[in-house]
Amino acid sequence: SVTAIGNNAFMWNSKLTSITIPNSVTTIGSSAFSSCRNMTSVTLPNSVTSIGDFAFNNDTALTSIIFPSSITSIGTWAFAGCTKLTTITLPSSITYIGMAAFQNCISLTSVTLPNGITSISNQTLKGCTALTSIALPNSVTTIGDWAFNSCINLTSIALSSNLSTIGVSAFEACE
């Protein structure tokens, strides 16, 4: 009957390789699984609605994560530094993605953003060097500062027709 995984609950656990979170959990706290460097997979149940700041930060062995249709928010730096993460598909329930949520996910080749996201936060995908293309849904009106900065292989960008603001250095150093 656990409903939340608290802040720092499993942080720096080098023995943890995978986790299946029970259906009763709705919230994953800040840094809950941060720096679990041998964790390769995470199964999130449909009960989870929010992932806290730094929750899976620097989980350098994590190769994939499937987001449930119940999730509405992903915190700041939540998956930053997950260097083996290759694909992100966000469900239509997502309304908030925090700053630098996927920064420096250097193996990330595919990102699917749902219609309904209105803002790409500062540094969201900064340093995702394997990313070659991005299509922003028409719901996006704002791209934050440094959002795609240093995505050196980004060759195709489909901007939203409703885009009104592109932040400072949003696409800088996308060689």
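The values are calculated or read from the model by the stated rules, or taken from the named source; none is laboratory data. The shown structure was predicted, so the numbers you read here are calculated from the model rather than taken from an experiment. Cβ sites come from the backbone with ideal geometry, for glycine too, and all protein chains shown count toward neighbours. For the accessible areas, the whole protein counts, side chains as well, though only heavy atoms, and no ligand, DNA or RNA atoms are used. Shrake-Rupley method; radii C 1.70, N 1.55, O 1.52, S 1.80 Å.
Some observations on this one:
- P(r) weight above 16 Å for segment 5-110, C-alpha pairs, percent: 51 percent
- Looking at segment 1-153, the accessible area is 39 square angstrom per residue; that uses a 1.4 Å probe and ignores ligands, DNA and RNA.
- Karplus 3J(HN,Hα) series, Hz, for segment 118-123 with 6.51 cos²θ - 1.76 cosθ + 1.60 (x for Gly, Pro): 9, 9, 9, 5, 3, 6
- Accessible carbon and sulfur surface of segment 46-136 relative to its total accessible area, %, 1.4 Å: 54 percent
- Three-way shape label, segment 130-175, alpha-carbon gyration tensor, a/c 1.5: oblate
- Compactness index (Cα Rg / 2.2 N^0.38 Å), segment 83-143: 1.04
- Annotation: extensible slack from residue 63 through residue 165 equals 33.5 nm (criterion: 0.36 nm per residue apart, minus Cα-Cα distance).
- Cβ-Cβ FRET estimate between residue 157 and residue 89, R0 fixed at 22 Å, reported to 0.05: 0.70
- Only Lys, Arg, Asp and Glu carry charge here, each on its Cβ (+1 for the first two, -1 for the last two); on that basis the chain has a dipole of about 340 debye about its Cα centre.
- Each residue of segment 63-70 was assigned a 3J(HN,Hα) from its phi angle through the Karplus curve 6.51 cos²θ - 1.76 cosθ + 1.60 (θ = phi - 60°); the sequence is 9, 7, 9, 10, 8, x, 5, 8 Hz, with glycine and proline shown as x.
- Cα shape, segment 47-164, gyration tensor, a/c 1.5 rule: oblate
- Alpha-carbon centroids, segment 108-128 and segment 139-171: separation in whole Å: 9 Å
- For the chain, with +1 on Lys and Arg beta carbons and -1 on Asp and Glu, the positive-most of 22, 72, 110 along the dipole: 22
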